[in-house]
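Only the coordinates and a few stated rules stand behind these numbers; no lab work does. All figures in this text were calculated on a predicted structure; none of them were measured in a lab.
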DNA sequence: GAGGCGATTGGCT
DNA sequence: GCCAATCGCCTCG
C-alpha cells in the first residue's frame, strides 16, 4: 500500500511512479497505464487560478481522489498530491471485474473498457460521490507495482494551453492506452 | 445574472 | 473528420 508520502512528491515523479500501480474500486480495476501531471503553476491545470468549489479536494490532503465532471456528462479522476497538484488517471488495464466493467460500459471492445479518463470512471463506477475520498481506504484499493515499467512521456491530451509540456506518461507497449504514446490527437477509431 | 466553454466520448458523414 | 450531448464552473459585467 502506498502511503501519503508517495503522493507528496514532485507531481511528475508521482505520475511516472503510478504507471504499473494497480487501482481497484470494490475489487474492480487493474494496473494504471496512462497518467498526466498537473500543478498549480500550469496554465492547463484546473487549479491554475486558485481554489474553487470544483477543485477544492486538490487543495486538500494528498492521496485522495479529485473527481470532476467533464463536458457535462463524463466523470474523470485525479489522485491528489497536495497544494493543488494532482495526477489524472487516463487509462488502466481491465484486470479484475471485467464482467462488471462490460456491464457498466455496454458491449464494447475490451481495449476500450478503461482507455480514457471518462471510460475508466464509468467502468469502475466512479462518480462525484467519490470526490475527496482517501485512496487508502475502501472502496479504493491501491496495490504496489510488480516491476519497474518502461515509460514514454509525451504531450497531454485535450488541453488548449501548455500543449507542448511532456507531462503525459504511458506504459510502453500497452494495448489499453487512450491513444498511442507520443501522439497529439485523440484516437479516432472506437 | 448571463454567457462561454471544457483534462470527453461516441456516432454519423 | 466533424459535431452533438449536456451542465456545472468560471469569468466578466
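The distance linking the stretch A:130-151 with the stretch A:159-176 is 20 Å (Cα centroid to Cα centroid, whole angstrom). In the stretch A:1-108, Cα pairs under 8 Å separated by at least six residues give a relative contact order of 29 percent.
How large is log10 I(q)/I(0) at q = 0.13, 0.18 Å⁻¹ when the Debye formula is applied to the Cα atoms of the stretch A:97-190, each weighted equally and without solvent? At q = 0.13, 0.18 Å⁻¹ the computed log10 ratios are -0.58, -1.08. With Cα atoms defining each centre, the stretch A:65-126 and the stretch A:1-46 are spaced 13 Å apart in the structure.
Taking every C-alpha pair closer than 8 Å and separated by at least 6 residues, the mean separation divided by the residue count of chain A gives a relative contact order of 27 percent. Short-range pairs are left out: with C-alpha atoms under 8 Å and at least six residues apart, the relative contact order of the stretch A:72-132 is 36 percent.
If you model chain A as an ellipsoid using its alpha carbon gyration tensor, with each semi-axis the square root of five times an eigenvalue, the axes come out at 22, 19, 17 Å, biggest first.
For n ≥ 4 DSSP H runs only, could you compute -39500 (n - 2.57) per run for chain A, divide by its residues and tell me the 222 nm figure to the nearest 500? Helix contribution divided over all residues of chain A: -3500 deg cm²/dmol.
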